[in-house]
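To start, the structure under review is shown below, and the notes come after it.
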Amino acid sequence: MLIPPETLIDGCVRTLIDAVLPSVDSRFARGQVYAVVDVLRNLRDRVEERAAHLTAEAESAHASLLRAAEALTACAETPAREAGARLAALLAAAPAAPLAARLDALRAGVASALEALDTIGEPAATGARAALGGHFAAQSIRDVSTLKPSLLAEISKG
């Protein structure tokens, strides 16, 4: 899952003020650091996550939870069937809109599914674990694909 932009920006501001600024001796460079902090603070509440990425996550989470619920309800064991019914109910209760509310509900559903799978023995949980694993794999690819090329070489040179 992605870290909200506000959290990333807050972390950058804290790092600049707490770690970078005390080490900067040049008056000009300190002014530049404060200027960047000012821009980041003003930008913080104006940034929105890309809806396409969030929509893809919501669709993936919904599909994996549906497959997990189906796999669990098809089991002969009562705890697995009950967990599948709870997942199906959670999916039915997830709002269609707004996207943020839908995604919050689906993320909570994934967490609930993982907790339920901890209480269900194998092999009953195998199909549901595979369904959730597919979502996690796809989400990891989506998260990594948005990263920009690293500047670590430039950073290490100072």
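Things worth noting here:
- By the beta-carbon count within 10 Å of each Cβ, the least crowded to most crowded order of His53, His135, fewest first, is His53, His135.
- Dipole in debye (nearest 20) - the stretch 51-145, about Cα centre, beta carbon charges: Lys, Arg +1; Asp, Glu -1: 160
- Which of Thr126, Thr119 has the fewest Cβ neighbours within 10 Å, and the rest in rising order: Thr119, Thr126
- Note: relative contact order over the stretch 1-117, using C-alpha pairs below 8 Å and six or more positions apart, is 21 percent.
- Taking other C-beta atoms within 10 Å as the exposure proxy, Cys12, Cys75 rank Cys12, Cys75 from fewest upward.
Quick note: the coordinates plus some simple rules give every number you see, no bench work behind them. No experiment lies behind these values; they were computed from the predicted model shown. Note that each Cβ is placed from the backbone with ideal geometry, even for glycine, and that neighbours are counted across all protein chains shown.
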